[in-house]
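Report on the structure given below.
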Amino acid sequence: MENATSTLVLVAHPGDETLGFSSVCRGADIVSVTAGGGPRLTTAFQQACVVLGGKQVFMLDLPAIDSFRLPIEVLVSRIRELGSYSRVYTHSPLEAHAHHRDVALAASRCFREIWVRSCGGYAAEAHVLSQAAFGQKLALINSSYAPEIMLATEHEHFSSAEVAGVEAFVPTHFPEVIQVLVHTTPGIRTEISDVWAFQTSPYEKERFDRTCAVLAHVAGECVPTSILEIGACEGVMTRRLRAQFPSARIYAVEANPIFLRRLQESLGDDANTDIVEASVLEVPLSADLVLLTEVLYLVPEHIADILARVRAKYLLTSHYTNFDEPVSRLLHSLGWHTIVSMQVGPRFEPVDGRTSCFLIRRPGTQIKLWTLTQSMST
């Protein structure tokens, strides 16, 4: 049953309702997921909600697992107990605070559509506060939440940049929230296909196209009979490798069980492709051509050991510039030299590569094909 109050404002902490949602609180149910640190903040939250015109005020009082996460399953259960609403305003999955991202995730699991704070990019709804409304917002922050201002430099929460005169929002839903969170929150796993937008992102298409252009130099010199691809994900590059080197034996290595299953669905019928469930630390790095593209970020403490283990005629690497520089220095010290390289420039683009209101930063990448001065046999 839908609540008589059709709007819900769902925030992570006391104070968030004033900082980011003051323009949409009037007549809404306002719910804070956490108590924020004690009775004083509970009182401050209740008083602020009254001033902002909230209809009903609730505090779920969920404990934080640590400074960085909330108990998601408990949070989902508690939000569902609130009932249904025709409009839900909450945090963005792009926000810096991990609790805010957790609330966005939980809310997206409970409601078909949520309206989240616009953190750059297109805004579907914007409220420009009048001078009086902004003055009220400022007065609430300076009175009810004065101690939090003192801690702002430490927590980066009640900073001056957050006291905005324009409050903007965009609609979103669970699959899109997950697409954002894989970029902002480590450890997110999902059943959503193509969550990295490898098949729809113009940036990713350019990266794959240029990778194949670099690999064309291998075909021109010595066609590989064996190819080892580390971090094959859902197989977008694997399929391109098959098209470019139709007779090669391909070993597609992937550690994520969800991606592995999709690899098997996509390429399991290819008798000349072996799908291997393992990480880069668990397999011999031996083949005519070894691909280490966009994977070494995940194991920074093992990079030197990984590169020393490579036994190949050719090695392909792909990393953003600041990461590529130390990797290149290590490879040079091991006797590798670059045959050819191409760059894909950085950019901002919609998270789905198409029309999403959420912009993410694609950092750019340096694609390099390497060989040893005297190639090692595999």
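Quick rundown of the values:
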{"item": "Within region 65-78, considering residues that are in contact with a Leu (Cβ under 7 Å, 6 or more places away or on another chain) and closer than 23 Å to L19 by Cα, the one modelled with the lowest pLDDT", "result": "L70"}
{"item": "Residue match in region 102-117 (condition: more than 25 Å from the chain's Cα centre (by Cα), crowded, with 18+ Cβ neighbours inside 10 Å and touching a residue at least 40 places away in the same chain (Cβ under 8 Å))", "result": "no"}
{"item": "Some residue of region 364-374 being farther than 26 Å from V177 by Cα, among the charged types (D, E, K, R) and in contact with a helix residue (DSSP H, G or I) (Cβ under 8 Å, 6 or more places away or on another chain)", "result": "yes"}
{"item": "When residues of region 45-64 are limited to those that are at pLDDT below 95 and surrounded by fewer than 13 Cβ atoms within 10 Å (Cβ to Cβ), the one nearest to H99 (Cα to Cα)", "result": "P63"}
{"item": "Residue in region 263-274 that is surrounded by fewer than 19 Cβ atoms within 10 Å (Cβ to Cβ) and touching a helix residue (DSSP H, G or I) at 6+ places or on another chain (Cβ under 6 Å) present", "result": "no"}
{"item": "Residues (crowded, with 21+ Cβ neighbours inside 10 Å and closer than 30 Å to P175 by Cβ) located in region 309-356", "result": "S318, H319, V344, V351, G353"}
{"item": "Test: residue in region 228-243 that is in contact with a Phe, Trp or Tyr (Cβ under 6 Å, 6 or more places away or on another chain), assigned to a loop (DSSP other than H, G, I, E, B), in contact (Cβ under 8 Å) with a residue 24 or more places away in the chain and of a type in the set (D, E, K, R)", "result": "yes"}
{"item": "Odd one out for R69 among (1) touching a Phe, Trp or Tyr at 6+ places or on another chain (Cβ under 9 Å); (2) part of a loop (DSSP other than H, G, I, E, B); (3) not hydrophobic (A, V, I, L, M, F, W, C)", "result": "(1)"}
{"item": "Where A213 falls short, out of the listed (1) in contact (Cβ under 8 Å) with a residue 60 or more places away in the chain; (2) outside any helix (DSSP H, G or I)", "result": "(2)"}
{"item": "Qualifying position, being surrounded by 14 or more Cβ atoms within 10 Å (Cβ to Cβ), in the same structural domain as G345 (by TED's automatic domain parsing) and either β-branched (V, I, T) or under 27 Å from the mean Cα position of the chain (by Cα) (or both), among V170, V180, V218, V163", "result": "V218"}
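The values are calculated or read from the model by the stated rules, or taken from the named source; none is laboratory data. It should be emphasised that the depicted structure is a prediction, and the values quoted were computed from it without experimental measurement. All Cβ positions, glycine included, derive from the backbone under ideal geometry; neighbour counts span all protein chains shown.
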